[in-house]
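One structure is given below, encoded as structure tokens.
The values are calculated or read from the model by the stated rules, or taken from the named source; none is laboratory data. All figures in this text were calculated on a predicted structure; none of them were measured in a lab. Every residue, glycine among them, receives a Cβ derived from its backbone with ideal geometry; neighbour counts consider all protein chains shown. Surface accessibility is based on the protein's heavy atoms, side chains included, excluding ligands, DNA and RNA. Shrake-Rupley method; radii C 1.70, N 1.55, O 1.52, S 1.80 Å.
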Amino acid sequence: MSGNWRDVDGILLLDKPEGLSSNAALQRVRRVFRARKAGHTGSLDPLASGLLPVCFGQATKASGLLLDADKTYRVRIAFGKRTATGDREGDVVETAPVPDLPEDAIRKVAAGFLGPSTQVPPMYSALKHLGERMYRLARQGIEVERPPRAVTIHRLDVLDRGPDWLDLDVVCSKGTYVRSLAEDFARACGTVGHVGRLRRTELGPFRNPALRTLADVEMAAEHPESLDGMLLPADAALPGLPAVRLDAAGQAFVLRGQAVETAGPGAARVRMYGVDGLFLGVGRMSAEGHVLAPERIMVDLAGGPAMRA
């Protein structure tokens with residue numbers, strides 16, 4: 001079977017369905033593309049749906065640059081029940097009456113979460129305690145102290161509500177656990193709660209993107225050209241970085257891992273482009289803005305598919 005794998009470069013914006021882990025979704029897509037190298041960025045819980053960037057080939061080198069990106073979620077908080085996992089899949093561990101809060105009171109609660117704060121991660125998380133994943137400890141009934149982590153809620157908009165639920169649009173920093181946010185929000189409303197539904201709609205530079213479903217991908221399985229047409233180039237993940245363009249000599253230097261004299265923004269990480277707009281990867285300018293040092297080459301030096309600007 002290994003002979004069937006092929007070199008693929010690019011980013012697929014996958015609409016991960018509920019009930020499937022991020023890794024399971026990745027493997028299904030990878031098999032369809034027959035891609036030698038693939039990874040995803042910004043893992044989603046099986047309960048969650050929505051945007052999961054799947055990176056192939058050279059684009060996997062861009063995935064780490066997305067880890068610090070802000071994310072946008074649409075979350076439904078179910079009031080009145082707290083669960084062991086913080087979502088609808090866990091056992092109910094606490095119940096409480098649901099107060100009938102007026103709209104302005106709920107919006108005031110939402111405003112109180114805006115800005116930087118600290119958040120205690122849930123026990124059911126992939127964080128480690130003494131080398132052990134905390135969700136494994138939680139499954140054994142073990143609870144350990146979790147140090148709070150710095151997070152930022154950039155936006156928290158009320159979308160809709162019912163007698164025992166509330167839909168929110170959340171824009172948050174990396175490291176934010178929406179399950180913890182849902183529990184904290186419910187407490188601030190005078191009750192308990194958990195995540196009833198969760199969907200990621202945006203991540204980093206991918207704003208209101210067109211997503212591909214697993215059905216879209218699997219239906220195109222017999223037509224590699226159709227599959228490859230679903231991919232974005234690696235530099236689509238990096239629009240916030242300034243671009244520096246090099247001539248043939250400069251391109252040759254950076255592809256050998258050597259610094260090259262060129263003009264650019266001082267001390268900035270930049271996108272590097274070579275001859276005919278070929279995307280070469282990411283580099284960093286010197287403090288004075290006169291020398292470019294390559295950090296991460298993202299082009300197939302063996303002559304694979306090129307990404308051009």
Task: All Cα pairs of the range 1-119, percent lying beyond 19 Å - done: 63
Open item on the list: Roughly how far apart, in whole Å, are the Cα centres of the range 172-226 and the range 126-152?
Closed with: 22
Open item on the list: Could you report the range 1-55's accessible area per residue, 1.4 Å probe, as an integer in Å²?
Closed with: 39
- [ ] Starting from the alpha-carbon convex hull of the range 104-168, give the projected area averaged over all orientations, in nm².
- [x] 6.0
TODO: Have a look at L255, A243, P99 and report the one farthest towards the positive end of the charge dipole of the chain, computed about the Cα centre with Cβ charges (Lys/Arg +1, Asp/Glu -1).
DONE: L255
Task: log10 of Debye I(q)/I(0), alpha-carbon scatterers only, for the range 65-112 at 0.15, 0.19 Å⁻¹ - done: -0.64, -0.87
Open item on the list: Counting other C-beta atoms within 10 Å, and keeping those with at most 15, which DSSP coil chymotrypsin sites (Phe, Trp or Tyr not before Pro) do you find in the range 1-78?
Closed with: W5
Open item on the list: Looking at the chain as a GNM with Cα springs under 10 Å, which of G190, G112, G162 has the largest mean-square fluctuation?
Closed with: G162
Task: Cut-off under 5 Å, modelled amide H: who pairs with H129 long-range - done: M134
Open item on the list: Within the range 194-223, list the residues whose amide N lies under 12 Å from a label point set 7 Å along Cα→Cβ of R34.
Closed with: 221-223
- [ ] Filter the cross-link list K61/K128; K37/K71; K16/K71; K16/K174; K37/K174; K16/K128 down to pairs whose alpha-carbon distance in this structure exceeds 23 Å.
- [x] K61/K128; K37/K71; K37/K174; K16/K128
- [ ] Would you mind giving the three semi-axes, in whole Å and largest first, of the ellipsoid equivalent to the range 52-163 according to its Cα gyration tensor?
- [x] 29, 23, 14
Task: Values of log10 I(q)/I(0), in the order q = 0.15, 0.18, 0.21, 0.22 Å⁻¹, for the range 153-212 under a Debye, Cα-only, solvent-free model - done: -0.51, -0.71, -0.93, -1.00
Task: Extent along principal axes [Cα atoms of the range 196-287; Å; largest to smallest] - done: 50, 36, 18
Task: Angstrom value of the Kirkwood radius, inverse mean 1/r, which spans all Cα pairs in the range 139-262 - done: 19.9
TODO: Calculate, axis by axis, the spread of Cα positions in the chain along the three principal axes, and write the results as whole Å, longest axis first.
DONE: 70, 50, 40
- [ ] Be a star and scan the range 189-225 for residues whose amide nitrogen sits under 18 Å from the point 7 Å along the Cα-to-Cβ vector of W165.
- [x] 192-201
Open item on the list: How big is the range 3-49 along each principal axis, measuring the range of its Cα positions in Å and listing the largest first?
Closed with: 34, 17, 12
